[in-house]
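These notes are about the structure you will find just below.
The values are calculated or read from the model by the stated rules, or taken from the named source; none is laboratory data. For clarity, every value in this text was computed on a predicted model and none was experimentally measured. We place every Cβ from the backbone using ideal geometry, glycine too, and count neighbours over all the protein chains shown. Each accessible area value is taken on the protein alone, full model and side chains, heavy atoms only, with ligands, DNA and RNA left out. Shrake-Rupley method; radii C 1.70, N 1.55, O 1.52, S 1.80 Å.
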Amino acid sequence: MTAHKTPRIQASDITPRELFYDRRRFMQLAASASLTALLPNAVLAGEPLVNVKKSTDNLRDELTPYKDVTSYNNFYEFGTGKEDPAQNAGSLKTRPWTITLEGEVNKPKTFDIDELLKLAPLEERIYHLRCVEAWSMVIPWIGFPLAELIKHVDPNSKAKFVEFISLHHPEQMSGQKSSVLNWPYREGLRLDEAMHPLTLLTVGLYGEVLPNQNGAPIRIVIPWKYGFKSAKSIVKIRLVEKQPISSWMEAGPNEYGFYANVNPEVDHPRWSQAKERRLGDFLKRPTLPFNGYGEQVAQLYAGIDLSKNF
Ligand SMILES: Nc1nc2c(c(=O)[nH]1)N[C@H]1C(S)=C(S)[C@@H](COP(=O)(O)O)O[C@H]1N2
Ligand SMILES: [Mo]
């Protein structure tokens, strides 16, 4: 077992953010790290990730507690209840795991997840995540820009959109025995959205390997869009010429659009999007256009009617 697969935590590897590295949690991590070192070929949810470049984010908002981030989830492959994924996602096998990049690219390639992890330095990014159901969280993700991966396969001139395809495996994903969505889960972005530096290919949170319920071993996070755009447990990324149709667009075309930019002015047909409840808060707070990332991303939509392209 190689060193990078069984990271031992050292005081120097731990970011000094008292917010989340309280001493008790640190001791739990130390214990689990030495235990997993005995298991063959395991890179387990909850193992610490080392050599992560610390966040340069200047958000002042309080982080959502680890417990809430990992126990209140949407991941329909493991059930439709918010507590289902944490309960049921233990059956997902995250090694071995490959991701295939294909379609309108000059150098299609299937990456082993551990090979992919070495393509670019890991960074911590504190992002707001706003669910279309009007709750939100603040999460310290770990990953690197999706653009870094896409550059490796060299998109050709026909590539205009990117499609993400999650794992389809009903034996491991009990929720796929129900047809609540058209499996596998599919999402998509315009190529320029996918290449935007905020779009994060994500492998961890709170300093650790992603828990299964949060989309292990690899998911996307697009902080200015509703949470459903951030596909989990991805096995395929396809560059395509035409706008792909996502699972949610199929399920409810007048409720879930392709763009899905967070927009307090465009209500969901069944509820308002003007406010959100931050997990742990009692009172709602106003939702910000583009989830607060307008300065970085609004220019991507210049000249587009966002009430029609919701
Ligand atoms: N494959 C897959 N990805 C998914 C989902 C899903 O059901 N399946 N749910 C989405 C929704 S609606 C949200 S809000 C976020 C939630 O991410 P989190 O549980 O890590 O907070 O994941 C998104 N990605
Ligand atoms: Mo969501």
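Quick rundown of the values:
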item	result
Global geometry of segment 53-301, whether rounded, prolate or oblate, following the gyration tensor of its Cα atoms and the 1.5 cut on a/c	rounded
Unit charges at the beta carbon, dipole of the chain: most positive-side option, 195, 63, 263	63
Ranking by accessible area, most exposed first, for 137, 195, 249 with a 1.4 Å probe	195, 249, 137
Distance histogram for segment 234-310 (every C-alpha pair counted, 10 angstrom bins, percent rounded to whole numbers)	15, 40, 35, 10, 1
Cα-based convex hull volume of segment 176-310 per residue, rounded to whole Å³	147 Å³
Set of aspartates and glutamates near residue 160 by C-alpha distance (under 16 Å), chain-local residues within fewer than 8 positions excluded	102, 104, 187, 192, 193, 241
In order through segment 197-204: 3J(HN,Hα) via Karplus (6.51 cos²θ - 1.76 cosθ + 1.60), integer Hz, x for Gly, Pro	x, 6, 6, 10, 7, 10, 10, x
Unit charges at the beta carbon, dipole of segment 226-307: most positive-side option, 249, 290, 233	233
Label-point gap, in nm, between residue 91 and residue 51 - each point 7 angstrom along Cα→Cβ	3.7 nm
Neighbourhood charge, 13 Å Cβ-Cβ cut-off, centred on residue 106 and excluding it, Lys, Arg +1 and Asp, Glu -1	+1
Net dipole in debye of segment 186-303 [+1 Lys, Arg Cβ; -1 Asp, Glu Cβ; about Cα centre; nearest 20]	260 debye
Surface accessible to a 1.4 Å probe, per residue, for the residues of segment 53-301, Å²	42 Å²
FRET efficiency for residue 177 and residue 245, using Cβ-Cβ distance with R0 set to 25 Å, rounded to 0.05	0.60
Fluctuation leader among 116, 201, 101 - the chain, Gaussian network, Cα springs under 10 angstrom	116
Portion, in percent, of the accessible area of the chain that falls on carbon or sulfur, probe 1.4 Å	53 percent
Between segment 232-310 and segment 178-204, the alpha-carbon center distance in angstrom	12 Å
Karplus 3J(HN,Hα) series, Hz, for segment 236-250 with 6.51 cos²θ - 1.76 cosθ + 1.60 (x for Gly, Pro)	9, 10, 10, 8, 9, 8, 9, 4, x, 9, 7, 4, 6, 5, 5
Dipole magnitude of the chain, debye to nearest 20 (Cβ charges: Lys/Arg +1, Asp/Glu -1, about Cα centre)	240 debye
Within a Gaussian network of the chain (alpha carbon springs, distance under 10 Å), most fluctuating of 247, 136, 157	157
Vicinal HN-Hα couplings computed from phi for segment 147-157 (Karplus, 6.51 cos²θ - 1.76 cosθ + 1.60; Hz; Gly/Pro x)	3, 4, 6, 4, 4, 4, 9, 6, x, 8, 6
Within a Gaussian network of the chain (alpha carbon springs, distance under 10 Å), most fluctuating of 98, 80, 199	80
